[in-house]
There are 4 protein chains.
Amino acid sequence: MKYKLAPELQTSHWLNTETSLTLKSLRGRVILIEAFQMLCPGCVSHGLPQAQRVVETFSRDEVVVLGLHTVFEHHDAQGSRAALTAFLHEYRISFPVAIDSPSSNGRIPQTMAAYGLQGTPSLILIDREGHIRKQSFGRENDLELGAEIMALILDNQPANVPDAPDVLDKNRCDDDGCPIS
Amino acid sequence: MKYKLAPELQTSHWLNTETSLTLKSLRGRVILIEAFQMLCPGCVSHGLPQAQRVVETFSRDEVVVLGLHTVFEHHDAQGSRAALTAFLHEYRISFPVAIDSPSSNGRIPQTMAAYGLQGTPSLILIDREGHIRKQSFGRENDLELGAEIMALILDNQPANVPDAPDVLDKNRCDDDGCPIS
Amino acid sequence: MKYKLAPELQTSHWLNTETSLTLKSLRGRVILIEAFQMLCPGCVSHGLPQAQRVVETFSRDEVVVLGLHTVFEHHDAQGSRAALTAFLHEYRISFPVAIDSPSSNGRIPQTMAAYGLQGTPSLILIDREGHIRKQSFGRENDLELGAEIMALILDNQPANVPDAPDVLDKNRCDDDGCPIS
Amino acid sequence: MKYKLAPELQTSHWLNTETSLTLKSLRGRVILIEAFQMLCPGCVSHGLPQAQRVVETFSRDEVVVLGLHTVFEHHDAQGSRAALTAFLHEYRISFPVAIDSPSSNGRIPQTMAAYGLQGTPSLILIDREGHIRKQSFGRENDLELGAEIMALILDNQPANVPDAPDVLDKNRCDDDGCPIS
């Protein structure tokens, strides 16, 4: 079975890190990308706290957690670097966070579009060779996520096939997430 | 026992209502004011959901719930009307929300200063005659809050004496009322 | 409006109190009766903790909380005084608890039958004159319960009409409670 | 590194299974043993629900979950098969549960003593070859547990070293195994 190579991040700015990061420079480690928006209730109540738990559970030598601020709605309210900086401070998010590059001709930012994310929160797992091994939208279960990360740490194919991305037809955020309308 | 008259709200804008509201125009009903900031985690996780539960539990003829956006930090990030509008939409907050008027020479907005609030979330209960009967900062217990609201609905003094407002500035408010500073 | 006088408790034993209690002897105070079974998940997860919160929120001079162990199923497992004693100890329940008297010719114990309770947990509120003012089965909301108790403390009719007892057709415990089948 | 062989279960009865089970007969699969008591609040609120989540997350071909009722207090209240049967029914626990054999001269039942468990809930993970790989007392984190189980499914040593069994009696177990006491 072949996996798709994860597209490189397109970012306009990084927070919580002194230097910009690339997926390529992190090759060799498992990467978890938490795509979120600061005004997405499901990101605040479960996506981001779960990403923070991953940081606290696994060694940074094995697993790197990156936040990706994929603003696709309310650009005026959440599109500024100042707003995101304040948000990360108040919610005590310690891992590096990139601002996804705005697209020139649409509202979906570039990395979000390249991965075809369905909304926020979305979670992407990338293996040590840089392949996408899981991509999901909405609420994730810790027990299953822990198992999936360990499978990648041990450099094996997950015993559990990754969740098939659901097709969503909702146009508004609910407790689980904010879909692209 | 005499209670202090609640200072009138000083607001720069109202959301979720077609007309501006005043405490005076709501006289005759019990008023709950939920003072919050959109980037305050405790407001998002318990203050605002509790205020929304009050809306759903009591008749609007008896109890009016008002939000008060008292931005005293991160003005760049949460000080705009656009940001607050997006926040209220995403968090499905249905009750009227006022933006507290910025002060001319300091970071504490005017209504927040007039009440001497300690931070966010803060909760204020005002009786049918316009007196402050509870003012508290931090997490509130639903059972106690339900009892306090009912005591005010029934227009009697609570059997449980309401929490004494901790930081009410005695130079600003006297037994007859709290003049705007 | 007239309310029904609360039938006296029929009990075989009391725990957490040195003397047996009667509703009559508590006249003048508001009484909350929490009817439960020790093997009922909804009683353990929300009914009993809520009753304990009522103990901690209101003065015992105003509100008395009584537990009533109404065993209507699994008599072998939960019918003994030893089992209930251990349960109250482990769950740190401090208020007085009565064991409802077994019926001579059926499985529903006597007080439970006299009140026509639908299952466990059930909550009964009795006013200062000994009238039933609320009787409900399942999960109760703290905000509403706090309001109802305060209305009775202040000796007035509740502004919120008590919940109409639902008709249940389930035969097994769920997260909210255990109905009589 | 060598791991201790898991002592065989000493049981007086099995529930939720038609035949008695032995660790030996399950060799080749990962085994999670959830040691609990029915009147232990921590078992009811998190230990048993977590074990049930493991059942629902992993394939039974890979991971077998067993409950072990290790009654070491309140024997009168929770020591009967009828009581445990009612409990499992009401809490909808579907996995096989063994009653740990009472000891002849003490209060700690035999399997509990053989493993040197500290109390309930305790969680034991056994690898495909029958070795103890984790033994812990108290609340466990789902993310970490998911990772540990996957490490054993993939038949590798966990990247996170499993918690050292705190109180395993060195006089009872040696590097080759733990003889039944």
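The values are calculated or read from the model by the stated rules, or taken from the named source; none is laboratory data. Model, not experiment: these values are computed from the prediction. Reconstructed Cβ throughout: ideal geometry from the backbone, glycine too, with neighbour counts over all protein chains shown.
Got at least one residue in segment D:33-49 being part of a strand (DSSP E or B) and small (Gly, Ala, Ser)?
Looking for residues that are part of a strand (DSSP E or B) and small (Gly, Ala, Ser), one finds at least one in segment D:33-49, hence yes.
For the list (1) assigned to a helix (DSSP H, G or I); (2) under 19 Å from residue B:12 (Cα atoms), I need the number of the one condition that residue B:54 fails.
The single condition residue B:54 does not satisfy is (2).
For residue D:52, state whether it is touching a strand residue (DSSP E or B) at 6+ places or on another chain (Cβ under 9 Å), within 19 Å of residue C:44 (Cα to Cα) and crowded, with 19+ Cβ neighbours inside 10 Å.
In short, no.
Can you give me the number of residues within segment D:78-101 that are small (Gly, Ala, Ser) and under 15 Å from residue D:17 (Cβ atoms)?
2
For residue B:1, all conditions in the list (1) more than 12 Å from the chain's Cα centre (by Cα); (2) modelled with pLDDT of 95 or more hold save one; what is the number of the exception?
Against the list (1) more than 12 Å from the chain's Cα centre (by Cα); (2) modelled with pLDDT of 95 or more, residue B:1 comes up short only on (2).
For segment B:60-154, give me every one of the helices (runs of 4 or more DSSP H) that falls completely inside it and has 3 or more residues that are more than 14 Å from chain C (Cβ to nearest Cβ) and in contact with a helix residue (DSSP H, G or I) (Cβ under 8 Å, 6 or more places away or on another chain).
Fully inside segment B:60-154 and qualifying: B:75-78, B:81-90.
Could you list, in sequence order, all residues of segment A:1-32 that are part of a loop (DSSP other than H, G, I, E, B) and among the aromatic types (Phe, Trp, Tyr)?
The initial filter retains those residues of segment A:1-32 that are part of a loop (DSSP other than H, G, I, E, B), namely A:1-4, A:6-10, A:16-23, A:27-29.
The answer is A:3, and nothing else.
I'd like the residue in segment C:1-26 that is surrounded by 13 or more Cβ atoms within 10 Å (Cβ to Cβ) and touching a Lys or Arg at 6+ places or on another chain (Cβ under 7 Å) and, out of all such residues, is nearest to residue C:103 (Cα to Cα).
Checked segment C:1-26; the qualifying residue nearest to residue C:103 (Cα to Cα) is C:13.
Would you check if residue A:86 is over 18 Å from residue A:33 (Cβ atoms), surrounded by fewer than 18 Cβ atoms within 10 Å (Cβ to Cβ) and without any contact (Cβ under 8 Å) to a residue 24 or more places away in the chain?
no
Quick one: is residue B:46 without any contact (Cβ under 8 Å) to a residue 40 or more places away in the chain, more than 11 Å from chain A (Cβ to nearest Cβ) and closer than 21 Å to residue B:138 by Cα?
Taking the combined requirement at face value, the residue does not satisfy it.
For residue D:117, all conditions in the list (1) modelled with pLDDT of 95 or more; (2) more than 21 Å from residue D:5 (Cα to Cα); (3) of a type in the set (A, V, I, L, M, F, W, C) hold save one; what is the number of the exception?
The failed condition is (2).
Being among the hydroxyl-bearing types (Ser, Thr, Tyr), farther than 16 Å from residue B:125 by Cβ and touching an Asp or Glu at 6+ places or on another chain (Cβ under 8 Å) is the filter here; which residues of segment B:1-57 pass it?
Answer for segment B:1-57, where residues must be among the hydroxyl-bearing types (Ser, Thr, Tyr), farther than 16 Å from residue B:125 by Cβ and touching an Asp or Glu at 6+ places or on another chain (Cβ under 8 Å): B:11, B:12, B:22.
Could you identify the single residue in A:74, A:46, A:69 that is buried (at least 18 other Cβ atoms within 10 Å of the Cβ) and on the phi > 0 side of the Ramachandran plot?
Details: A:46 fails: on the phi > 0 side of the Ramachandran plot; A:69 fails: on the phi > 0 side of the Ramachandran plot.
Among A:74, A:46, A:69, only A:74 is buried (at least 18 other Cβ atoms within 10 Å of the Cβ) and on the phi > 0 side of the Ramachandran plot.
Say whether the condition of being among the charged types (D, E, K, R), within 14 Å of chain C (Cβ to nearest Cβ) and closer than 22 Å to residue D:118 by Cα is met by at least one residue in segment D:14-35. Reasoning before the result, please.
Keep residues of segment D:14-35 that are among the charged types (D, E, K, R), which gives D:18, D:24, D:27, D:29, D:34.
If we keep only those that are within 14 Å of chain C (Cβ to nearest Cβ) as well, we get none.
Scanning segment D:14-35 turns up no residue that is among the charged types (D, E, K, R), within 14 Å of chain C (Cβ to nearest Cβ) and closer than 22 Å to residue D:118 by Cα.
Any residue in segment B:58-80 that is in contact with a Ser or Thr (Cβ under 7 Å, 6 or more places away or on another chain) and over 20 Å from residue A:38 (Cβ atoms)?
Within segment B:58-80 (the criterion being in contact with a Ser or Thr (Cβ under 7 Å, 6 or more places away or on another chain) and over 20 Å from residue A:38 (Cβ atoms)), the answer is yes, since at least one residue qualifies.
Give me a count of the residues in segment C:116-132 that are surrounded by fewer than 22 Cβ atoms within 10 Å (Cβ to Cβ) and within 22 Å of residue C:22 (Cα to Cα).
7
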